[in-house]
1. When you look at A:GLY57, is it farther than 22 Å from A:ASP31 by Cβ, buried (at least 20 other Cβ atoms within 10 Å of the Cβ) and free of Cβ contacts under 8 Å to residues at least 40 places away in the same chain, yes or no?
2. Any residue in the stretch A:112-139 that is among the polar types (S, T, N, Q) sitting within a Cβ distance under 6 Å of a residue that is modelled with pLDDT under 95? List the pairs, counting only those 6 or more apart or interchain.
3. Exactly one of (1) farther than 18 Å from A:ALA21 by Cα; (2) surrounded by fewer than 23 Cβ atoms within 10 Å (Cβ to Cβ) is unmet by B:PRO93. Its number?
4. Looking at the stretch A:64-71, can you tell me whether even one residue there is part of a loop (DSSP other than H, G, I, E, B) and within 12 Å of chain B (Cβ to nearest Cβ)?
5. What number goes with the only condition from (1) more than 25 Å from A:ALA135 (Cβ to Cβ); (2) among the basic types (Lys, Arg); (3) outside any strand (DSSP E or B) that C:ARG110 does not pass?
6. B:ALA14 is checked against (1) more than 30 Å from A:ARG118 (Cα to Cα); (2) part of a strand (DSSP E or B) and fails just one. What number does that condition carry?
7. If you check every pair at least six apart or on different chains, which have Cβ atoms under 6 Å apart with a residue in the stretch B:89-110 that is at positive phi first and a residue that is at pLDDT 95 or above and buried (at least 19 other Cβ atoms within 10 Å of the Cβ) second?
8. Report yes if D:ALA135 is surrounded by 24 or more Cβ atoms within 10 Å (Cβ to Cβ) and either assigned to a loop (DSSP other than H, G, I, E, B) or not β-branched (Val, Ile, Thr) (or both), otherwise no.
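The values are calculated or read from the model by the stated rules, or taken from the named source; none is laboratory data. Nothing here was measured: the structure is a model prediction, and the numbers come from that model. Positions of Cβ are backbone-derived with ideal geometry, glycine not excepted, and every protein chain shown enters the neighbour counts.
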Protein chains: 4
Amino acid sequence: MEYGDPQSVERMRADFDRQGAMQTMGITVSDVKPGQVILGMPFNPKFSQHHGFMHAGVITSGMDSACGFAALTLMDAESEVLTVEFKSSFLAPARGQSFRFEGDVIKAGRTLTFTEGRTIAVDGDKETKIATITATMMAVRGLKP
Amino acid sequence: MEYGDPQSVERMRADFDRQGAMQTMGITVSDVKPGQVILGMPFNPKFSQHHGFMHAGVITSGMDSACGFAALTLMDAESEVLTVEFKSSFLAPARGQSFRFEGDVIKAGRTLTFTEGRTIAVDGDKETKIATITATMMAVRGLKP
Amino acid sequence: MEYGDPQSVERMRADFDRQGAMQTMGITVSDVKPGQVILGMPFNPKFSQHHGFMHAGVITSGMDSACGFAALTLMDAESEVLTVEFKSSFLAPARGQSFRFEGDVIKAGRTLTFTEGRTIAVDGDKETKIATITATMMAVRGLKP
Amino acid sequence: MEYGDPQSVERMRADFDRQGAMQTMGITVSDVKPGQVILGMPFNPKFSQHHGFMHAGVITSGMDSACGFAALTLMDAESEVLTVEFKSSFLAPARGQSFRFEGDVIKAGRTLTFTEGRTIAVDGDKETKIATITATMMAVRGLKP
């Protein structure tokens, strides 16, 4: 896969920085490649559910952003990315010192891009896949940011 | 449908209050019935995506909690609720003064409960359905809170 | 909702008749309205799974067709419909004398249409909702049938 | 991963042979390993949609069976497998001389098993991934076949 535009990484990072949700949740960009984005987040009790694990919706926020920005890296300079739909499965409770959200493009089209992602909980040396996502992303042209 | 236990509403509200994510996102309980929970959230730029709409993962957090707590209202006193999986579809951008998250039980079983929900954006007198969810919830017994 | 074209019903029925899968499975059109299609199928052991219930994929075939054709009724004359993705949940075993597949458009756009559907098992006077679907449909223009 | 029972493969194949849907669709078992099942199907116009591609529901039937039987290989001798829900995405039209359905267990639990699968269209030397699935399977004990 190749970047959709010479400025793809800059545009992706600028869009990421404009996401209030990512800043508030403490989610940051770990790595960007064409069609792949990896994000990271430390455990934060402010975003827990009632057993003290991270909330499924917060885990999904990280996976959705990783997948959406992975799709954006392949889009042309006129395109913005919007989430059409996603499905998340929760394999294990979201506990750990930190979480890694990986998003990958599976098939990129002019309008729709299919993506897959996952959440890895990190606890010292131990890594556990705790959630997966499949998401459909849409390129929207002419949308003012 | 009937509450699973005389203390169902109290237990549901206590669990809700223990969710750091709900407090941090400013999501509150609007209404509880057997098998139905309605939550509310004012627009908050701290949880936006890059066009200034609410982040899809935050909208999903509200819908997931509404559905999970709707399932919990029908469970027995020994059961805790965990999200197995959900799928969310995003019909329109999440803009509005506030958002209403509705969660309904479609079919309750001893182990699995099927739920459906939706997000209504409210702008003055205007209400718009902007997202839907279908979620599978699981009753877990013997889990310490 | 209004038909997308004066010939919408004729086009929908012609496309339906061209679906080998519908004929082979014995699925027929029960009712068509703008944005809504209802199909029917008698129980058929040739499409069972290993407990003698109807196979989840066959039930999904009926719901997918109901939703896709519901979307098609609102599209313009140049558009064909393709399924982008769907999620099905199986609330109860698929047993019954016959099955009714209902598909409804929730939100129609120029490119994407969001739909919801369900399967009702019919046994004499008794009707049971046994499955639900949410499906994203895409209008494709310039595709030769 | 290890087989759930010394007779896992025999039980899986016996259940497969009892599925009327698999026989009628011409789907056969290509390979079985612990937690992985691969099925195959030749192109068949009797299961087409209206453009002559294979119907999305038929493709899903193959993926659902591959995933369900993959889950069954890890279950104990008293367990039967039922599909709780699945989501399928359709990356490309289902055309080809034959189709390979791959199902893999991602996480096996006592009650729920998470699986992923895909469909590969085969046309001479060319292989194309045309669809993906994520499915939740449930072990049911005490169900008479």
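1. yes
2. As it stands, the answer is none, since no pair meets every condition given.
3. Checking B:PRO93 against (1) farther than 18 Å from A:ALA21 by Cα; (2) surrounded by fewer than 23 Cβ atoms within 10 Å (Cβ to Cβ), the one that fails is (1).
4. no
5. (1)
6. Every condition holds for B:ALA14 apart from (2).
7. Pairs found: B:GLY96/B:ALA121.
8. Answer is yes for this residue.
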